[in-house]
Each structure stands twice: as C-alpha cells, then as structure tokens.
Amino acid sequence: RLKPRGIISAPLHCIPFLFCRVTLPLSQMFKASGDNTFVDLDKWDPSHTRNAGQEDTLSDFDLELLGDGEEEELPSGVAQALHDSHCRKQRFTSVSKYSSEGPTGGSGHHDKGASWVSALASGLVNYLLMFGLCCAYGMIMFDETNAQHRALGVKMNLCTAGLMGLILAGFCGVKVAIGGPDLNPVVFLGGFVETISKEIATQLELDHPLSSRRLVEVGGIWRRLGAASSSDSAVEFCSGQHLEANLVNCQIYHDELRATVIFTVAMSSLILAFVFFISGRFNLTRFACYVPTCVMEAFMSCVGYKVFKYALHFCNYDARQFVPAASVGVPLYFIKAYHIGNPAVVIPLMLFIPLAIFYVSLYGSGHDLEHAETWMFPPMKNVEFWAIWADSIGRHGNVNIKAWLATIPELAIMVVVCFLDCLLKILGTEGKLPVKVDKHREMQIVGVGNVLTAACGSSVGYMQLKFNVINFGILGNMNRRGGFMYAFLCLLTFFTSIEHFNYLPRFFLSILLFFAGAGFVAENLWGSRKYLSLREWCQILLILAVFIIAQDLLYAVIVGVVLTCADFILTYARVPCTVHSPERGSETSTIRRAPALTSSLHHIMHNWVLVVRLKGFIFFASAQGLVAQLRDMMEKEEKDGVRKYRRLHFVIFDCELMDGMDASTAKVLRKLRMDAEAQGVTLLYTHATPAFQFKLMSQELIAGDHQAFVDLDEALHSIEDTILEYRQALQENRWNKLHPAFAAAQSAVFKRAKFEPFKDVFKAESARHGCPWSYCSKRPIHANTTLLWKPGQLNVGLYLVHTGSVALFRELPDPDVHTSSWPSPVAVYRQGWFFNREG
C-alpha cells in the first residue's frame, strides 16, 4: 500500500510502475526484504531522471495507486510518475505513446519543453490535414449536381474547425485537444443535402437526376442508361439547356437549397449540442452502452465504406489516381496509429512528396494545369464568410420546411451515431495519451461549442482523436499552443479565401479520405472480429452488405435492429429463467409434525406440488420454454390417464430471485393460468410484495390474495393445511363411517394427545399416569414478542408446546417490524413438540 510520505511498502511485482517516467539506480532506490520492497521517499532525488535513449518499463496489469490528492504531497518526480501511471491504468497497448518506440521511432518518449516552433509545426500539420478534409467534406455534402455550392460546404466545415479548435484549446481538460468536423456527421449531412435537393426539385417540377432510376453518372455528367457518350445524350440539371428552359425555377431551386441546407446543418448542430450538454450535465453517458456493439461497429463500417467510395469517386474511378492515393493514405493511417517516426516530419513528407512528383511530372512534360483536367477538380470560387448568414437568415423565406422535415428520419440516426462517436473519441483519448479525461465535463464543453457552430450555420464538431495524437506527438508535452495555432489557421482561411484548393489534385483529397476511412475498416470492421463472436461479426457484414446494396443507411438500420432483436431473442431463449428444473415434492414447510403425518404429507405433496424457482428478468422468449414444459407436464398426466387424486394440484412460482417480467411474459402466464384452472391446477406466487401483488391482479395472473404469499414457507404451509383437510375429510367420509368403533378410537387418540404428549417418550402407560405433569411448569407466551432462548443462554430447560406455536430463527427478528418482513424460520413447533434440547 502506498503512503504519502516515509516508507512505501508494496509487493515486488507492483514496483515497475515507478519507471513509467523516471528511473533511479537500484542501489539508491530499493532495499529488498523478504517479499516486500521498501522505498524511502524522504531521500528521493528528482534529479535522477532516466538517461536519453533509455526505454520505459511497462507492465500489462492494472495498478492500485494513491487516492485523489495524495500525490500532491509527494516529491514532484514521484507525483508525476504516479499521475501518468494513474492516467494509463486501464491498459498499456502496443501503440501507446509510452511504447519502446518513441515519437522518433527509436528513442523512448520524454517530455519536451514548451516551444512556439513545435506549436507552429503542429498547428501547420494539423491545419493541412483538416483543410484537405474540409475540402473533401464540402464535396461530400454537395455532389456534382450541386457542385456550385461546394465552396459553401468547405467554409461551413472550416468554421467548425476554427470554432471547436479554439474552444477545446482554451477550455478542454486535454490540453492537446484538436476539435473540428468529423466524417460521421458529414456523411449524414451529404444524405440530408441529397434528400433536400430531391424534395425541392419535386416541388418545382424539375427532373432531378438522382430521382430517375434510368440515369447513371459518367465523368460527372448524368447520362441515360444505354445512351451513347455524346453530348446529346447528357442529362443537364439547372445548367446549359436545362437552365435556359427552367431559368426561374432553377434560380429558386438554388436559393432554397442553400438556405435550407444551412438551416438543416444548424438545426442538427443545435440538437446535438443539446444532447452533448445534457448527457454531460446529468451523467447520461452511461446509456451509450445500451446500443449493441455489433450494430454500432456496423454503422461505423458503413461510414468507412462510403468514405472509400468517395475516395474512388474523387479519382473518377481512375486506377492511375486511386491506386497511388490508397498506397499513400492507408499506410499513413497505420504510421499514425503505431507512432512510426516523428509526425512533424513523416506526415508532411507523405502528403507533399506525391504533390511534388505530380507537379514535377506535369511541368516537366511541358504541360500546365489547364492540360490536367482529368487530374484536377473543377475550379472552386471562393465564397465570402458572411454568405452563411446572408443566404439563410438574410433570406429566411427561402428555407423549405417541408424539405427539411424529409430529413428527420436520418437525423434521428445521426444523433445516435454522432453521440456515440463523440463519446468514444473522448474515451479513446484517455487510452492514447497520458491524461485523465473527465468525460462529463468534456461533453458539456463540446455541447456549448456546438451552440456556437449552430449559430454560425456550421456542421457539428467535437474532439478529433487522431489529431490529438498527432498534436501530442509533435509537441512532446501537454500544452495548448498547438491547438491555438491550428484554430488560428483554420479561422484565417475561413475569413479569407479557400481558392488554394484549386491547386490540389483529385488524388490528394483521395489520400486524405483513404487516411480517414482506413480507421473505420481497421478498427470497426476488421478489428472488431477480435472481441466479437463469429455470429456478431457476421451481423456486421450483413448490415454492411444491405447498406452497399440499398445505398441507404435507413435500410441498414432497420436490418440492424431486426438482427439485434432476433439475436437477443435467440440468445435469451436459451437462458433458463429458473434456478433449476422444476421438481415435485422437493419442498416442505418449516412446521414440525409427527413422523407418520410428515411421511403422509410428503407422499401427497410429491404428487400435488411443483415448485418453480424463477430468477432474473423474464422475457417472453425464456418464458415460452418454461410454460411449454409446464403445459406438457399437465397434458401428459391427462394423456396417460393418471387418476385425479395423483395429478398435479399446485404450481408455486417462487419469485424471490426474480427481477421482473415483461408484458409478453404476463400474457403467456395468463393463458397458462386459464389452461391450468381447466385441469384443476392452481398457480401460486411467493415473495409477493403489495406492489407486485397488485400487478399480478391487474394482469389477471391471480384471482385474489389467496394465490399470493409473503414467502415460500407460507405457501407450503397453506398447501399442507389443504392436504390435512383433504386427509381429514377422507378419514371421516370413509373410515369413520365404516364402523362406530373407528370413530371412537380416533376421538380417543386425539383427546389423549391433547392431554399428555408423552406417549413416544414413556412407552408404558403406568409410567405416564399422572407422573410427568408433576415435573412441568407453565410458561405463558405472547405472540411475536416472547423470546424463549438465544445462543449463549444456559440452564433454560426443555420446553413442551402445549398450545400455540414456537418458531426457531437463525437471526433474531426485529420486534418493531411487521411480521410480514421477518425472515423465514428454520422450524415451527406446535402442540406436542419438545424443543430447546441444546439449552
């Protein structure tokens, strides 16, 4: 156990965590004695730090560290070591920043001092990646049909990058946090734009290309199936001849599209901001675990597929472009993931070397950009930053509410996916960086930040894990300078111009998309097979296949929900809802009776009584198997011709371990009750609280209080009383009426037993004649209050129950509590029983 000062005593195998950040010579640190190791912290010298090139020592076990605040009292070197170990107590992975390969690939990691040069390098690298991704995001949002609005989409995403980057750099608990737009929401926004475009075109009676199944896209031009590649066969939409023929409607179309898209993006950001803030404020992030893992991984895989498709589409499906792009983008992801090399050097080199080769080849062959149309995107004109407000708030009449409402189904899915994605990125940061993340606070910060992005009509943004890792790898320490530099460059581009995009070839954006999409495939699709069962992983493949075929995430969601429900039903149908198989005659009450009578009761109860011990929450799937088993048991007795006096009479459902049941289970049990009553079987429920008893009656599972009991012993006692009444009626109707002597003999036996219960003690009648009562004294008792004996008492004497009953408990019940809340007794003794032999 660790102590604030003085001597630390811990098992030898727990000591290596002290080497996470500092290493002292063993001769100065440790003094081994037996199985323990002692460290004198008063003699700690923080100047003894690990030498350059010395590898950090890690372990693959969890650590038990000091309580909150205790490390503040330690010397600074130890406190930092404890803090970093505590931040990484969940697990140490091979891709950790503390692996034996540091940021430079060979030396171990060590903190570097804060430097504006490193901050500028980090901000520039992250800006270059984010600017390229924002350009790709703008093109994903607006396809070729609406290509003239792509600059607006780029500005919307740059605004998110700048605002979220600034907010997280200033207030986030992770000082190296980088915020910005993400692929997940952008893919959904692209679907929103497509839906809005179709809806507005339909309202204006324009033939939208995506609405016709007989159209295909070829080289950015929409052509009819089976048509030749001539210009006459091209289908134009609000351009060329189509624009001339529908000049007014096309102008209305573009005005409404811009205003409605900005409104839709702002509303989605505002809704997600509310969800983020509320979940963090009221600790609702725990509900994220309710989403099945396989479904979530499948949705992420669908996004990864779409990102790869966009990467191929940006290259016009030209192998000369997408093969080199994939050859650079995919390895770039793994270089980032496994921290190979210094990211300040490796990432710019891998991005700019292909650009340099392209331009050297282009100008070296005597051509210029005008001769590289197939390699470049159509020129994108800059849009002033105020256009976001001018085209939406300034022209609020152009917002098409009907078109926006058409996006609501996809918006619901987007909220769930983006909420989980944001939470996973926050939690993932704790596993990748040496920092403890307060997820509830971070969610609130992200929520407040997205209120600003919504006010700016920009897409939703949150923490970007891969950018966090890159920023930390370049800075080499925890400071906010890199985030501020990144945010400044993004905002600078947002307020000025984005026309330097026109110098980026198609394959460059494809490199960035392959870089971003490789994570979805490596972690969500292929990586999930390591911790999912084969059945669950096949569900991911099936959902992905549905999405690829249908090209609509809504259908994939429906299939995912159906598969999850089916898998849940099949899984829990095999889980028994009982502690063990129902058994006949396995239980008796705690009341002690004469041996002959007890044997008779056991014999009858073995045929009459079936005890079913329920457990857990009972779903209709697991209840179906139990009900079918009980119904088969009753039908088998009738089919085999078992006589009625030997058939099942009572089924006791012991609900002590049951957590509850769903409505379908109640319906099945109600049907079982009707079938059982038709065959003379009564269903009883034990451990029924007043609320549960009311629920049973409202669901028509019982007819009254006589079918619900406080505990199992009370139910068995009631059944035994019924059996005794049955025996008595049987004796009176058959044996006593057979001859008067039988009735007289029975009456004499009852009277003798009530007068003196010593028949089984003193066998001779002369020994029993009057003598035993001379040695007995009377002890009056009061119901539920008189204590006759408790452990430790001596010389109490032997007791004989003459009238009433006495119970034996393992623990003394509280006399101030109602008897219905008392625990079940071990045994109940009635008239004629001796007890307290131990006393």
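The values are calculated or read from the model by the stated rules, or taken from the named source; none is laboratory data. Everything quoted here is computed from the prediction, not taken from an experiment. In this analysis, Cβ positions are derived from the backbone assuming ideal geometry, glycine residues included, and neighbour counts consider all displayed protein chains. Accessible surface is based on the protein model in full, side chains and every heavy atom, while ligands, DNA and RNA are left aside. Shrake-Rupley method; radii C 1.70, N 1.55, O 1.52, S 1.80 Å.
Some observations on this one:
- Stretched out straight at 0.36 nm per residue, the stretch from D659 to Q241 would grow longer than its current Cα-Cα span by 143.5 nm.
- On the basis of the beta-carbon distance and an R0 of 60 Å, V562 and E811 show a calculated FRET efficiency of 0.75.
- Most to least accessible of H396, H149 (protein chains only, probe 1.4 Å): H396, H149
- At R0 = 35 Å, FRET efficiency that the Cβ-Cβ distance of V360 and S497 yields, to 0.05: 0.85
- Accessible area (Å², 1.4 Å probe, nearest 10) - H602: 90
- Heavy-atom accessible surface of region 788-838: percent carbon and sulfur, 1.4 Å: 52
- Three-way shape call for region 392-514 based on the alpha-carbon gyration tensor, with the a/c threshold at 1.5: oblate
- Cα centroid of region 662-720 to Cα centroid of region 183-199, whole Å: 54
- The accessible surface of region 488-577, taken with every protein chain in place and a 1.4 Å probe, is 73 percent carbon and sulfur.
- Rolling a 1.4 angstrom probe over the protein heavy atoms with all chains in place gives region 281-392 an accessible area of 52 Å² per residue.
- Percent accessible area from carbon and sulfur atoms, region 126-176, protein chains only, probe 1.4 Å: 63
- Taking a ≥ b ≥ c as the square roots of the eigenvalues of the Cα gyration tensor, region 244-352 is oblate, since a/c reaches 1.5 or more and a/b is not larger than b/c.
- Short-range pairs are left out: with C-alpha atoms under 8 Å and at least six residues apart, the relative contact order of region 577-666 is 40 percent.
- Approximating the spin labels as points 7 Å out from Cα along Cα→Cβ, the K671-to-L424 distance works out to 4.0 nm.
- Rounded to the nearest 10 Å², the accessible area of L630 at probe 1.4 Å: 10
- Violating pairs (Cα-Cα greater than 30 angstrom) within the set K155/K425; K425/K615; K402/K466; K639/K737: K425/K615; K402/K466; K639/K737
- Computed from label points 7 Å out along Cα-Cβ, the spacing between I401 and H802 is 8.9 nm.
- In this simple spin-label model, placing a label point 7 Å from the Cα along the Cα-to-Cβ direction at both V642 and A337 gives a separation of 6.1 nm.
- Accessible area in square angstrom per residue, region 522-606, 1.4 angstrom probe: 58
- Peptide packing: for 619-625, 197-203, the average count of neighbouring Cβ atoms within 10 Å per residue gives the ranking 197-203, 619-625, highest mean first.
- With all protein chains modelled, accessible area of V416 [1.4 Å, Å²]: 70
- Prolate/oblate/rounded label for region 301-384 (Cα gyration tensor, a/c 1.5): oblate
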